[in-house]
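Heads up: the structure comes next, in structure tokens.
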Amino acid sequence: MTQSAAITPELLASLDEEAVAALARRLEEDDYPSPFAGLQDWHLLRAVAIHRPELARPYVHLVDQEPFDED
């Protein structure tokens, strides 16, 4: 996914199991040139989890947010 690529319904529809697995692998390895690149992948996986949950089910741990106490 390029820096300027928007998450569109067409993009979400074009993803298959292999593409989502590659996305999850990048997130797990966390080896990005900038924090923004990792955040972009995280947003894409989150969108997949919302709109195509069957593809993201094995990787839901990567998008789950745990509550935390700021104190």
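The values are calculated or read from the model by the stated rules, or taken from the named source; none is laboratory data. As the structure is a computational prediction, the values presented were derived from the model and not from experiment. Glycine gets a Cβ as well: all are built from the backbone with ideal geometry, and neighbour counts include every protein chain shown.
The table below gives the values:
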| quantity | calculated |
| --- | --- |
| Every pair of residues 6+ apart whose Cβ atoms lie under 6 Å, when the first sits in region 29-50 and is free of Cβ contacts under 8 Å to residues at least 40 places away in the same chain while the second is of a type in the set (Gly, Ala, Ser) and part of a helix (DSSP H, G or I) | 32/38; 48/56; 49/56 |
| Every pair of residues 6+ apart whose Cβ atoms lie under 8 Å, when the first sits in region 52-71 and is at pLDDT 60 or above while the second is part of a loop (DSSP other than H, G, I, E, B) and loosely packed, with under 13 Cβ neighbours inside 10 Å | 55/16 |
| Any hit, region 20-32, residues being modelled with pLDDT of 95 or more, assigned to a loop (DSSP other than H, G, I, E, B) and not hydroxyl-bearing (Ser, Thr, Tyr) | no |
| In region 20-51, the residues that are within 15 Å of residue 6 (Cα to Cα), hydrophobic (A, V, I, L, M, F, W, C) and surrounded by 11 or more Cβ atoms within 10 Å (Cβ to Cβ) | 37, 39, 42, 44, 45, 47, 48 |
